[in-house]
Amino acid sequence: MNASADGSLCEALIYGFSGLLGAEPEVQADAVLIRAGRIQALGRRADLSLAHPAATPIELPGGLLAPGFVDAHVHPAFAAGRAAEFGMKCEGKSYQEIAAAGGGIRSSARAVRDASEAELTAQVGKHFRRMQRHGTTCCEAKSGYGLSVEEELKSLRAIRAAAQATGMEALPTFLGAHAVPEEFAGRADAYLDALIEEALPVVRAEALARAVDVFIEAGAFTLAQARRYLEAARALGFALRVHADQFTALGGVELAVELGSESVDHLEALTDAGLEALALSGRTFAGLLPAVPHFLGQDADAPARRLLKAGVPYFIATDFNPGSCYTPSLPEAVHFARRRMGLTAAEAFHGITAGAAASLGLGERKGRIAPGFDADLVLLDLPDLDHFGYGLGENPARWVMAGGCALSFE
Ligand code: NIG
Ligand code: FE
């Protein structure tokens, strides 16, 4: 069933699903024709098989056929989990206390430095496979656990190699400015200088990342540092994505909007001024990460209902990482988006498909089932959209196709 590496070249007719999600509502189709990795047509199975007798039949066992999910905020370049910290969090220690004691991002940096590029690639590949198993066929993938010029470049190379090996379409983002490394303690500006002068030109020359991100937070980077850094990245032609207002509102949201960032993510501490800036922008997406406060045991969520009411474009992502959200599952993120943020199933679905794709500039090719779109598909074992996110901890993805290739998880 199209599992070979050249499967994307095949013509195939997919049928046997009981409903479609993410297609135009007026479309009456019980079959989808794909060719050369793209969706060619939707229609009646009888008509399509008559017109395309050579198409390989792919019969699905019922369920909802949806566009492959797009996870627009992921940190997959880690070499080891941090389960011990999860225990500390459950016993009451805060994320910031653990980080201040040498844990957190800096501890992941030690593990990345101890891994060879091949070992790190293997780990990233495992993370991508876990995401694919849950229906994610495309993601934004951040570096950020290397915390030196060399280790950050290694992380981006590992992301690229792991994407090739697994068939995950990964859009890499350079997050060298995730934390101040131990060797630069108290000298954050000197670290940013090294990133600007030594890392970004190489990332650009080798096309290792399309975007640059920075963590604006007490204990990470200040607003002034972020401005200088993001302006330098923008001048080199990078798209911007920003971590801001996770624990503290430092003005990062307003800065992201001012600089034309594609997205500003977290927003659990969003202020009225930040919300207004996003509403006026209409261009910078709100990156909603609803499983993170759950994972960290925090009460505050991003004010998703207010953001949607103000017309702010948004996506929902996992933030998959070893410290603040150890899940590769967008269906789980949908559960929290509905339960904690009050989104409808349709709003949450938009957030992991068309919304996420648009935030990455992929709105014309991913996140919908329509002719011309990539043949990225996931079959969900759900009777209807209302059940999406209802079964907490269950993986509804039964079959996944990426770029016209059916994935096998044996
Ligand atoms: O998006 N907020 C900053 N970075 C990650 C957490 C990274 C970690 O703890 O390893 C996040 O939540
Ligand atoms: Fe993050």
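None of the figures in this text is laboratory data; all of them are computed from the coordinates on show. Computed from a prediction, not measured in an experiment: that's the story for all the values here. Note that each Cβ is placed from the backbone with ideal geometry, even for glycine, and that neighbours are counted across all protein chains shown.
Overview of values
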{"item": "The range 49-66 - phi-based ³J(HN,Hα) in whole Hz, Karplus 6.51/-1.76/1.60, Gly and Pro as x", "result": "6, 5, 6, 10, x, 8, 5, 5, x, 10, 9, 9, x, x, x, 9, 8, 10"}
{"item": "Span from the the range 323-365 Cα centroid across to the the range 121-195 one, whole angstrom", "result": "21 Å"}
{"item": "Ranked by how many other beta carbons lie within 10 Å on average, peptides 33-46, 185-198 from highest", "result": "33-46, 185-198"}
{"item": "Highest average packing first - 103-111, 325-333, Cβ atoms within 10 Å", "result": "325-333, 103-111"}
{"item": "Backbone HN-Hα couplings from phi across the range 346-363 [Karplus 6.51/-1.76/1.60, Hz, Gly and Pro as x]", "result": "5, 5, 5, 4, 4, x, 9, 10, 4, x, 5, 4, 4, 5, 9, x, 10, x"}
{"item": "5 angstrom amide H check on His73, placed H, neighbours 5+ away", "result": "Glu140, Thr318, Asp319"}
{"item": "Helix 149-166 axis, angle to the chain major axis (alpha carbon atoms, nearest 10°)", "result": "10 degrees"}
{"item": "Share of Cα-Cα pairs in the range 211-271 lying beyond 13 Å, as whole percent", "result": "51 percent"}
{"item": "Cα-based helix-to-principal-axis angle, 105-114 vs the chain, degrees rounded to 10", "result": "80 degrees"}
{"item": "Cut-off under 5 Å, modelled amide H: who pairs with Tyr314 long-range", "result": "Ala286"}
{"item": "Computed Kirkwood radius, in angstrom, where 1/r is averaged over Cα pairs of the range 1-154", "result": "19.0 Å"}
{"item": "J(HN,Hα) series, the range 34-42, from Karplus relation 6.51 cos²θ - 1.76 cosθ + 1.60, nearest Hz, glycine and proline x", "result": "10, 8, 6, x, 10, 7, 9, 7, 10"}
{"item": "DSSP bridge pairs, the chain: antiparallel proportion in percent, nearest 5", "result": "40 percent"}
{"item": "The chain - convex hull of the alpha-carbon atoms, volume per residue in Å³", "result": "129 Å³"}
{"item": "Cut-off under 5 Å, modelled amide H: who pairs with Trp399 long-range", "result": "Leu379"}
{"item": "Convex hull volume of the range 285-403 per residue (C-alpha atoms, cubic angstrom)", "result": "112 Å³"}
{"item": "Helix 117-133 axis, angle to the chain major axis (alpha carbon atoms, nearest 10°)", "result": "50 degrees"}
{"item": "Of Lys93/Lys309; Lys142/Lys366; Lys309/Lys366, pairs whose Cα-Cα distance is over 29 Å", "result": "Lys93/Lys309"}
{"item": "Qualifying trypsin sites (Lys or Arg not before Pro) in the range 220-284, DSSP loop, other Cβ atoms within 10 Å at most 16", "result": "Arg283"}
{"item": "Overall Cα dimensions of the range 173-215 - principal axes, largest extent first, Å", "result": "31, 18, 12"}
{"item": "Efficiency of FRET between Ala51 and Arg133 - r from beta-carbon atoms, R0 22 angstrom, step 0.05", "result": "0.05"}
{"item": "Cα gyration tensor, the range 81-202 - rounded (a/c under 1.5), prolate or oblate", "result": "oblate"}
{"item": "Estimated 222 nm signal from helices in the chain, with DSSP H stretches of n ≥ 4 weighted -39500 (n - 2.57), rounded to 500", "result": "-10000 deg cm²/dmol"}
{"item": "q = 0.14 Å⁻¹, the range 243-339: log10 I(q)/I(0) [Debye, one scatterer per Cα]", "result": "-0.45"}
